[in-house]
Amino acid sequence: MDYTMQTDVDGDFDAVVEKTTNALEDEGFGVLCDIDVQATFAEKLDEEFRQYRILGACNPGLAYQGLEDEIELGALLPCNVIVYETDEGEVAVSAVDPKQLVGITDNADLDPIAEDVSERFERVLDAL
């Protein structure tokens, strides 16, 4: 089962993170959290890991609509977008597929919201 939408991006890792954040903002998403997995593993586990960032993206208006329809939806928010270094040394950007994510709620009222978020994420990935 595919549960993400992905693209490969040319460029410096940090520049791709910044470009991804800007593209998300252009689509109405704020980044609520930015987790540096590489730094966390180094600090907490004394382990080396590839460059890997998890961006917790949220569009407040769409989140509000979703929570109005399904109060437990908050357990699935924010939507994660990841930027990471591939095995080949390239940079990949991947976003959770909102249709798959909200599909587990079995609430058809969320389908239009998931479709909207999906279209926005596609535009974000295309912009990169």
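The values are calculated or read from the model by the stated rules, or taken from the named source; none is laboratory data. These numbers were taken from a predicted model, which means no experiment stands behind them. All Cβ positions, glycine included, derive from the backbone under ideal geometry; neighbour counts span all protein chains shown. These accessible areas exclude ligands, DNA and RNA; they are computed on the full protein's heavy atoms, side chains included. Shrake-Rupley method; radii C 1.70, N 1.55, O 1.52, S 1.80 Å.
Would it be correct to say that Ala23 is among the hydrophobic types (A, V, I, L, M, F, W, C), closer than 20 Å to Ala114 by Cα and outside any strand (DSSP E or B)? Write out each step before concluding.
Working: among the hydrophobic types (A, V, I, L, M, F, W, C): yes; closer than 20 Å to Ala114 by Cα: yes; outside any strand (DSSP E or B): yes.
When the stated conditions are applied, Ala23 passes them.
Take the conditions (1) closer than 24 Å to Lys19 by Cα; (2) surrounded by 14 or more Cβ atoms within 10 Å (Cβ to Cβ); (3) not charged (D, E, K, R); Ile113 misses just one of them, which is (1).
Criterion first (closer than 18 Å to Ser118 by Cα, open to solvent by less than 60 Å² (accessible area, probe 1.4 Å) and assigned to a strand (DSSP E or B)) does Ala57 satisfy it? In short, yes. Scan the stretch 32-53 for residues that are surrounded by 17 or more Cβ atoms within 10 Å (Cβ to Cβ) and either in a strand (DSSP E or B) or at pLDDT below 95 (or both) and jot them down. Within the stretch 32-53, Tyr52, Arg53 qualify.
Only a single criterion out of (1) without any contact (Cβ under 8 Å) to a residue 12 or more places away in the chain; (2) open to solvent by 50 Å² or more (accessible area, probe 1.4 Å) is not satisfied by Gly74, namely (2). Scanning the stretch 77-102 for residues that are in a helix (DSSP H, G or I) and touching a helix residue (DSSP H, G or I) at 6+ places or on another chain (Cβ under 6 Å), we see that the one that is surrounded by the fewest Cβ atoms within 10 Å (Cβ to Cβ) is Lys99.
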